[in-house]
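J.: One structure, as structure tokens, below. Some questions next.
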Amino acid sequence: AGIVHAPMGKVSFGFEKLIGNIGAFMDTILRLKPPASKGTYLKSIAVSTTMGPGVKVDPAFVKELLS
């Protein structure tokens, strides 16, 4: 269904290291977008701890934060 789960870091990571990991992950996902894919490729992002509830994040905000 196109859902991707991936660990981004640990509690001991600093803010900059987490942002770097998220940026590298987002770059990889967007780089691997198939050329035939039209429209919105990245519809939603949710961040959570291992067993915690997901918190939805606006994809435009993440792109702006990583710029």
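J.: What is the residue count in the range 12-27 for residues that are of a type in the set (Val, Ile, Thr) and modelled with pLDDT of 90 or more? Talk me through it step by step, then tell me what you get.
T.: Just the residues of the range 12-27 that are of a type in the set (Val, Ile, Thr), to begin with: 19, 22.
After this cut, where a residue has to be modelled with pLDDT of 90 or more as well, the list is none.
Total satisfying the criteria: 0.
Table: residues versus (1) open to solvent by less than 80 Å² (accessible area, probe 1.4 Å); (2) hydrophobic (A, V, I, L, M, F, W, C); (3) part of a loop (DSSP other than H, G, I, E, B).
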position	(1), (2), (3)
VAL11	no, yes, yes
ILE22	yes, yes, no
MET26	yes, yes, no
LEU30	yes, yes, no
PRO34	yes, no, yes
GLY39	yes, no, yes
THR50	no, no, yes
PRO53	no, no, yes
LYS56	no, no, no
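J.: Still on this model: Based on this model, can you work out whether PRO59 counts as in contact with a strand residue (DSSP E or B) (Cβ under 6 Å, 6 or more places away or on another chain) and not hydrophobic (A, V, I, L, M, F, W, C)? Before the answer, list the steps.
T.: On the way: in contact with a strand residue (DSSP E or B) (Cβ under 6 Å, 6 or more places away or on another chain): yes; not hydrophobic (A, V, I, L, M, F, W, C): yes.
The answer is yes for PRO59.
The values are calculated or read from the model by the stated rules, or taken from the named source; none is laboratory data. Here the structure is a predicted model, which means the values were calculated and not measured. Virtual Cβ from ideal backbone geometry, glycine too; neighbours counted across all protein chains shown. Note: accessible area is taken over every heavy atom of the protein model, side chains too, but ligands, DNA and RNA are not part of it. Shrake-Rupley method; radii C 1.70, N 1.55, O 1.52, S 1.80 Å.
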